[in-house]
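A quick write-up on the structure given underneath.
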Amino acid sequence: MKSKHYTVIGLETHIQLNTTKKIFCNCKNSYGAPPNTNICPICTGQPGTLPVFNKDVLRKALVFSYALNCKLNLFTRFDRKNYFYPDTPKNYQITQHDYPVGYDGEFYFYSEKGQDSIKIKSIQMEEDSAKIKHDAGDILIDYNRAGIPLLEIISEASFHDINNIMPYLEFLKRTARFLKISNCNMEEGSLRVDANISISTDKNIIPDYKIEIKNLNSFIAVKNSLLYEHDRQIELLSKGKKLHEETRSWDEKNKKTHLLRKKEAISDYRFIPEANIPPFLLSEKEIFALKSDADLTPYFIINNLVNNYHIELKQAYKLTAHKNLYEYFIEVSKYTYSYKKIINWLLGDVVFNLRKADITIDEMKLLPETLAKVIEMIENGELSGKLVKTMLPELVKGKDLDKLIEEKNIIIYSKKELERTIDKIIKDNPKEVKLYKNGKESILSFFIGKVMEETGDQGDPALSKEILINKLIK
């Protein structure tokens, strides 16, 4: 009988914090500087130097731990993780092991399909390593990245479906961006993933080994590497081979993993308390003061949009893809209660025109109150949606609405004016009215065509249809 295989996956996600300075020195925390220019004796590990902790790192770590519903350690400290590698100039990394800032959490997240959650083992503060580059046989090291503050979010090994990992990572990224702790630009290395995967023949038993795939810098790399490793491990287990703990890398070009090294045991790292940085003793009052900073998460916002604004989950999920898009929605909603129509226009034609003009929502010149006015005018029958679509390319670039209406010789049809026009059309076409009343509903398009003809395509078809139906059934 063929054995059933169960996938067991845990993720270690590294998020670079957007502090102005590095974690233990005054060097700039910035991306894209020339190699080895944002460095000093501390972040290059020179003898006799002492780290000075950047307190903004702790604040951001506590806020993010709150957002992931973690318990917070009132006593938290740094530890030394000892290992020898060229990108670690001190031959140890300052990280957290015994008393991480956050632990035992549960991260609730959404996808377009619905809600899910994953257990969080811990959230740790630590320093990033330098960046190694292989160039024509040479090994080059850029220490600009050494000492940039990181949060390492370690999930429990409770992923069993590779397809569930992408929504988790996407929502983790959104949460960090909404809380303004990181830009999470994977192309810059601000978000990186180490994935641990093993295969079990019993869904209730976690295997005695795990294979770690290091430094995955795109979501598609995470997915493809796990799919490959899943099949590779099952093939080996099916042949009766025993798998051991090891660290592998993902070869994007050849779409396969390669062995880097046999995985070290925890004892190999010889964790010891970091003696040069005193432990942090936090009070409940200090921690509670940060709670409000962690409230405005995408998860909270989606719940609010669905429950209080009556927005569909799929649309609420799309709206929270970018915080600035959500904030713009909130500003527009101050001027009109037509929330669903705001969403439809924002996610549809507004975003389309922004992409076409190659501008961001921040760069857009269409004021929230102007978009609200346009929506109200459509609802009142003064503008048609078809007409507004032709105006948006200029509106998003800042063209004044009233001037645009004047330049395009647009005649504003109020609901009352549309009703008068429709009354005349009904009076002039008794034969077609009789056909409609006798059950030929398709004749309605004839009447809408007449309305568009009378208004020069400037009447609102949807409102015209509504008025026509009400009048024709009398």
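Derivation of every value follows stated rules applied to the coordinates shown; laboratory data play no part. These numbers come from a predicted model, not from an experiment. So basically every Cβ, Gly included, is an ideal-geometry build from the backbone, and we count neighbours across all protein chains shown.
Here residue 241 is the anchor, and the lysines within straight C-alpha reach of less than 26 Å, apart from those fewer than 8 places off in the same chain, are 2, 4, 203, 210, 214, 223, 255, 256, 262, 263. With neighbour counts taken as other beta-carbon atoms within 10 Å, the residues 128, 202 rank, fewest first, as 202, 128.
In summary, the lysines within cross-link reach of residue 318, defined as a Cα separation below 17 angstrom excluding same-chain residues under 8 places away, comprise 113, 173, 340, 341. Applying 1/(1 + (r/R0)^6) with R0 = 56 Å to the Cβ-Cβ distance of residue 187 and residue 474, what FRET efficiency is obtained, to the nearest 0.05? So, using R0 = 56 Å, E works out to roughly 0.35. The Rg/Rh ratio for the range 415-472, using Cα coordinates for both the radius of gyration and the Kirkwood hydrodynamic radius, is 0.93.
Where does each of 358, 293, 104 land when they are ranked from fewest to most other beta-carbon atoms within 10 angstrom?
358, 104, 293
Counting 0.36 nm for each residue step from residue 367 to residue 87 and taking away their Cα separation leaves a gain of 96.0 nm. The phi-based Karplus calculation (6.51 cos²θ - 1.76 cosθ + 1.60; θ = phi - 60°) puts the 3J(HN,Hα) values of the range 99-110 at 10, x, 5, x, 7, 6, x, 9, 9, 8, 8, 10 Hz, whole numbers, x for Gly and Pro.
Considering only Cα atoms, the convex hull volume of the chain works out to 221 Å³ per residue. Cross-link partners of residue 119 among aspartates and glutamates, defined as those whose alpha carbon lies under 12 angstrom from its own and excluding same-chain residues fewer than eight positions apart: 104, 106, 156.
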